[in-house]
Amino acid sequence: MASLEAGLPIKQVDAMIKRERDRYIQSNPVSRKLGEDARKNWVKGVPHHWMLDWSTPFPLFVADAKGTTLTDADGHTYDDFCLGDTGSMFGHSPEPVARAIAAQASHGLTYMLPTEDIIAVGAALERMFGLPFWQVATTATDANRFVLRWCRAITKRQKILVFHGCYHGAVDDTFVRLKDGRAIHRPGLIGQVYDLTANTKVVEFNDVPALQAALKDRDVACVITEPALTNIGMVLPQAGFLKALQQACRDTGTLLVIDETHTISTGYGGYTRTHGLKPDFLTLGKPVAGGLPCSVFGCTAEIAERMRAAEQEAGPGYSGMGTTLSANVLQFKAMRANLEEVMTPAAYAHMLPLSEKLARGIEAEITQRGLPWHVSNVGARAEFVCAPERPRNGSEAQDAMHGPVELAVHLYLLNRGLLIAPFHNMTLVSPATTPAQVDRLVATIGNCLDELAA
Ligand SMILES: Cc1ncc(COP(=O)(O)O)c(C=O)c1O
């Protein structure tokens, strides 16, 4: 019997990768040439090494993007279900955001002083998430780093707790994983010179006893988590888990930080509002200003009071937080337009049923072919997983990844004008996505599976 990878013959998977790589090379001479030229000045040929994480033999160069359509340097167009890995979740250059940026462009880009927009944006954030107090940073990474610092200052506790398989940006403290029940550094870290496991505890998501045991000594400043893990495939919270997490935090004086950067896909106000969570801090980056670098973190009135007290206690000096370009006027113009006119309940009313259609459509293609795969979705974010059971935690999610199969499917789709996120098999539906685009993605995945199984 032929050996199988995720229920598919390995031979077919390898043949598809080879065929699709050749097809990509043939079809993209301009990208290829630009990629060669770029090697002259850019380390590894790209200005940011994540651009090499796609399935392609050389980077796909972009010429234009609008809504959900992206055009490459060779003139091919794509239905974009990656959407900048969430930065453009509400479509590329949403009209109100583009207009706001253009209107501000010749009136100053950064002053390190506020404008009247901060009043409207503060109110919009409170309306959306129910938290009264906010700060702005430039990436979700920064928002998370600053929040961890505040949590430590407020609680006077050194440690934090993360779940195995988490990702919260380039935040040193969170680069800890579980191996054989012990905390270790996340494999592959570069330049890591101090022991992250000294101050970071790690347990499996959905494991309430392990969480309670890790918090019982009351030495953990905060738990930082996504409400569903979305960076190691997708791990959904089991019934009662998030409630138990909130209770365990309350019982031990541990603060709860909910990172909504990806789960903002859930609905208006993210997972927090949709499911009535009560975090101490909430962080959000990526799409909050329509794709312009920007992030926010919000907190309760009680936490804001404790922040004031902690600051007083620290005394004068440098807080260790903030960056020069944070909260600049361009971010505020974009964020105001985005929050008031783009990330609206009406937008979600379009996105959620369409993503559901996408998820159920892919599921039907999988079921028809008897593959041991499944589909998970969190609102506008849907993902097929090449394993039969929904993973309960990061370890199971990691085991469910099948690199070669995913590579073959990604390349097949890309060569047919369909982009899904290069990391695992994530798709996003934006307010600009059409049912026809969803139907085409579903049908093309079906064709791909037929070719792989043949
Ligand atoms: C949940 C979550 N938080 C934070 C981040 C960091 O975002 P950024 O890279 O924009 O700082 C990411 C990035 O993927 C993320 O998935």
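What pairs can you find where one residue is in segment 303-319 and over 12 Å from Thr155 (Cα atoms), the other is open to solvent by less than 80 Å² (accessible area, probe 1.4 Å), and their Cβ atoms are less than 7 Å apart, with a gap of 6+ or different chains?
Correct list of pairs: Ala314/Ala153.
Have a look at Leu255, Leu236 and point out the one that is more than 13 Å from the ligand (Cβ to nearest atom), of a type in the set (A, V, I, L, M) and open to solvent by 10 Å² or more (accessible area, probe 1.4 Å). Please lay out each step first, then the result.
Numbers: Leu255 fails: open to solvent by 10 Å² or more (accessible area, probe 1.4 Å).
Selected residue: Leu236, the only one of Leu255, Leu236 that is more than 13 Å from the ligand (Cβ to nearest atom), of a type in the set (A, V, I, L, M) and open to solvent by 10 Å² or more (accessible area, probe 1.4 Å).
Filter the strands (runs of 3 or more DSSP E) completely within segment 35-80 down to those with at least 2 residues that are surrounded by fewer than 16 Cβ atoms within 10 Å (Cβ to Cβ) and without any contact (Cβ under 8 Å) to a residue 60 or more places away in the chain.
Result: 62-66.
I want to confirm something. Restricting to segment 81-105 and keeping residues that are within 16 Å of the ligand (Cβ to nearest atom) and either assigned to a strand (DSSP E or B) or at positive phi (or both), which single residue is surrounded by the most Cβ atoms within 10 Å (Cβ to Cβ)?
The extreme case among them is Leu83.
Report whether or not Ala239 is outside any strand (DSSP E or B), touching a strand residue (DSSP E or B) at 6+ places or on another chain (Cβ under 6 Å) and over 30 Å from Ala289 (Cβ atoms). Don't jump to the end; show me each part of the working.
Numbers: outside any strand (DSSP E or B): yes; touching a strand residue (DSSP E or B) at 6+ places or on another chain (Cβ under 6 Å): no; over 30 Å from Ala289 (Cβ atoms): yes.
No; evaluated as a whole, the condition is false for this residue.
Going through Ile224, Ile232 one at a time, which residue ends up being among the aliphatic types (A, V, I, L, M) and not in a loop (DSSP other than H, G, I, E, B)? Spell out how you get there, then give the answer.
Details: Ile232 fails: not in a loop (DSSP other than H, G, I, E, B).
Answer to the check: Ile224.
If you check every pair at least six apart or on different chains, which have Cβ atoms under 6 Å apart with a residue in segment 129-154 that is without any contact (Cβ under 8 Å) to a residue 24 or more places away in the chain and open to solvent by 40 Å² or more (accessible area, probe 1.4 Å) first and a residue that is among the small types (Gly, Ala, Ser) and away from the ligand (no atom under 15 Å from the Cβ) second?
Going by the 6 Å Cβ cut-off, there are no qualifying pairs.
Considering each of Leu277, Leu282 in turn, give the residue that is closer than 26 Å to Leu236 by Cβ and open to solvent by 10 Å² or more (accessible area, probe 1.4 Å).
Matching residue, one of Leu277, Leu282: Leu277.
The values are calculated or read from the model by the stated rules, or taken from the named source; none is laboratory data. Keep in mind the model is a prediction, meaning the values are calculated, not measured. Glycine gets a Cβ as well: all are built from the backbone with ideal geometry, and neighbour counts include every protein chain shown. Heavy atoms of the whole protein, side chains included, go into the accessibility calculation; ligands, DNA and RNA do not. Shrake-Rupley method; radii C 1.70, N 1.55, O 1.52, S 1.80 Å.
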